[in-house]
Amino acid sequence: GSGALAVSLLPLAPMAASAAPVATVAPAAAPAPVAGGTTVNDSLFPEIGNTGYDVRHYKIALAYAPDGSVKATTTIEAKADKKLSSFSLDLEGLEVDRVRVEGRDATFARTGTKLVVTPAKAAGGTFTVVVKYHGKPVTHIDPDGAQDGWVPSKTGATALSEPVGAQTWFPNNNTPRDKATFDVALTVPKKLAAASNGVLRSRKTSGGRTTWSWRQKQPMATYLSLAAIGDFDVYRSTVKLQHGRKITAWSFVQPSLGKAEAQRKLLPKVLAFSEKQYGRYPFDGTGMVIQDLGVGYALETQTRPFFDGVPDDSTLVHELAHQWFGDSVTPRDWGDIWLNEGFATYAEANWAAEHGGPTTWQAFQKTYDGNDASSDLWKPAPNALEDPADLFGEPVYTRGGLTLEALRHRIGDAKMKTLLRAWSKNQAGRSVRTSQFVALAEKVSDQDLGWFFRSWLEVPSKPAGY
Ligand code: ARG
Ligand code: ZN
């Protein structure tokens, strides 16, 4: 008993090796706590993510004031891999007031975008971290120059979190390989509305402020988290899915953009089309956020995609396809981004083909033949990115989409359909690598596709054939 206590008081990670002989004379001793790591070694974003634990749930309670400042508490339930003497979270900007671990005050330090927490007592098993913070959240500038994270709008602010912006509005483990469930409660002046992910659990007004409480029950990557606060018109409707399932759509539309009636009518049709192609819709809520924010892109925020202005059909189809490819089945590493964008681009072609456009094969040939070897379309290869500025570039989207059409051409329609349905079913809620898709494609088709995928995804030149 007392031997174990002595060992647990030994110094931390760097001393672990020298602590070992002590443990051999006291066999009951627990291993010395270790410090969590401050990177998951993502191939494109080495600074994001933390190791030593796995987040299970985020509970974010954020109050927004008309001057643009926030006051918030984020509660994180995590599971430690080993006893942790310290661990880190990703957080950019904001001021941290207090951190508690398992109900006890912890010491904390900020270095770069890391919030390093040292609990009073080493954290092991399932543990709870409460971070209280406040301030004016910053907007993050992406490697490609685009804005994400907290973006102020004319009447409020919208938080878009891909790829790393989530860290501008709540502390988290900001890697797509650590998915968790979410409860987000946004308290806003009562004349404003506040959207987040999943289903609306309650909406309560008191003292001139309304709290919108959202719940995302299916695991979500931090980059898909959403907060949209502003003077929106709010539309609620029921959407019928396959097998008699019914879910509620909540859509938020900037009043000056009209009612977005055509888009709100199209949404259930696109969901029905996508279920037919890819299988069951993976979530229990839906809707859209439509506003002129000025970021210049749409985003597949989980359950409730964001549109920077009223979207055309193709953009709506793209962001809804992401609900299967990206949101439910998530890349483990940002270098696997083609698993999102290639698939969503392929979905656009499928929709167009069934709605008066060219066949997917005609569209493929037009792009393939129309881009000779010198075209920027072929470089860098979609699954061999070296620069994070290329994450949302033409090769990832278009060459990624062409890869799937070339695959369909090779393995046939029926097997392609089987493959996409099996991929979204088997990997729902998970984080995956490209090699897992390749393995499944080989299994479904009973073909060796190593050479095919290498030439389409990894070689930085125009694939010689299909
Ligand atoms: N994933 C978004 C879309 O297709 C695009 C995000 C663009 N973000 C950026 N930083 N450029 O559909
Ligand atoms: Zn996309």
Is it true that some residue in the range 342-352 is within 19 Å of residue 452 (Cα to Cα), out of contact with any Cys (no Cβ under 9 Å at 6 or more places or on another chain), within 12 Å of ligand 1 (Cβ to nearest atom) and part of a helix (DSSP H, G or I)?
-> yes
Given (1) of a type in the set (A, V, I, L, M); (2) under 24 Å from residue 181 (Cα atoms); (3) over 20 Å from the mean Cα position of the chain (by Cα), number of the condition residue 262 does not satisfy = (2)
Can you tell me how many residues in the range 39-72 are in contact (Cβ under 8 Å) with a residue 60 or more places away in the chain, among the hydroxyl-bearing types (Ser, Thr, Tyr) and buried (at least 18 other Cβ atoms within 10 Å of the Cβ)?
-> 3
Can you give me the number of residues within the range 148-205 that are among the small types (Gly, Ala, Ser), under 18 Å from residue 298 (Cβ atoms) and in contact with a helix residue (DSSP H, G or I) (Cβ under 9 Å, 6 or more places away or on another chain)?
-> 5
Here are some conditions: (1) more than 13 Å from ligand 2 (Cβ to nearest atom); (2) among the charged types (D, E, K, R); (3) assigned to a helix (DSSP H, G or I); (4) touching a residue at least 40 places away in the same chain (Cβ under 8 Å). Residue 304 meets all but one. Which one does it not meet?
-> (3)
Selected residue (only one of 217, 269 is charged (D, E, K, R) and touching a Gly at 6+ places or on another chain (Cβ under 7 Å)) | 217
Specify the residue that is farthest from residue 221 (Cα to Cα); the eligible residues are those in the range 45-60 that are among the β-branched types (Val, Ile, Thr) and part of a strand (DSSP E or B).
-> 60
Say we look at the range 158-184 and pick out the residues that are crowded, with 23+ Cβ neighbours inside 10 Å and assigned to a strand (DSSP E or B); which of these is nearest to the chain's Cα centre (by Cα)?
-> 160
Does any residue of the range 179-191 turn out to be modelled with pLDDT of 95 or more, in contact with a His (Cβ under 9 Å, 6 or more places away or on another chain) and among the charged types (D, E, K, R)?
-> yes
Looking across the range 430-466 at residues that are touching a residue at least 60 places away in the same chain (Cβ under 8 Å) and of a type in the set (Val, Ile, Thr), the single one that is surrounded by the fewest Cβ atoms within 10 Å (Cβ to Cβ) is 459
Of all residues in the range 324-338, which are within 23 Å of residue 198 (Cα to Cα) and either under 10 Å from the mean Cα position of the chain (by Cα) or away from ligand 1 (no atom under 12 Å from the Cβ) (or both)?
-> 324, 326, 327, 328, 329, 330, 331, 332
Only residues that are away from ligand 1 (no atom under 16 Å from the Cβ) and aromatic (Phe, Trp, Tyr): list them for the range 378-429, please.
-> 378, 423
Is one or more of the residues making up the range 263-271 outside any helix (DSSP H, G or I), surrounded by fewer than 22 Cβ atoms within 10 Å (Cβ to Cβ) and out of contact with any strand residue (DSSP E or B) (no Cβ under 6 Å at 6 or more places or on another chain)?
-> no
What is the residue count in the range 201-229 for residues that are surrounded by 23 or more Cβ atoms within 10 Å (Cβ to Cβ), small (Gly, Ala, Ser) and not in a loop (DSSP other than H, G, I, E, B)?
-> 2
From 379, 366, 417, residue being more than 16 Å from ligand 2 (Cβ to nearest atom), within 30 Å of residue 180 (Cα to Cα) and at pLDDT 95 or above | 417
Of the conditions (1) under 21 Å from the mean Cα position of the chain (by Cα); (2) assigned to a loop (DSSP other than H, G, I, E, B); (3) of a type outside the set (Val, Ile, Thr); (4) away from ligand 2 (no atom under 14 Å from the Cβ), residue 296 clears all except one; give me its number.
-> (4)
Show the residue pairs that are 6+ apart or on different chains and have beta-carbon atoms under 8 Å apart, the first residue being within the range 128-152 and under 16 Å from residue 112 (Cα atoms), the second being small (Gly, Ala, Ser) and in a loop (DSSP other than H, G, I, E, B).
-> 137/93; 138/93
Scope the range 78-101; condition in contact with a Ser or Thr (Cβ under 6 Å, 6 or more places away or on another chain) and without any contact (Cβ under 8 Å) to a residue 60 or more places away in the chain; matching residues | 79, 88
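The values are calculated or read from the model by the stated rules, or taken from the named source; none is laboratory data. Predicted model, so just to flag it, every value in this text is computed and none were measured. No Cβ is skipped: glycine too gets one built from the backbone with ideal geometry, and neighbour counts run over all protein chains shown.
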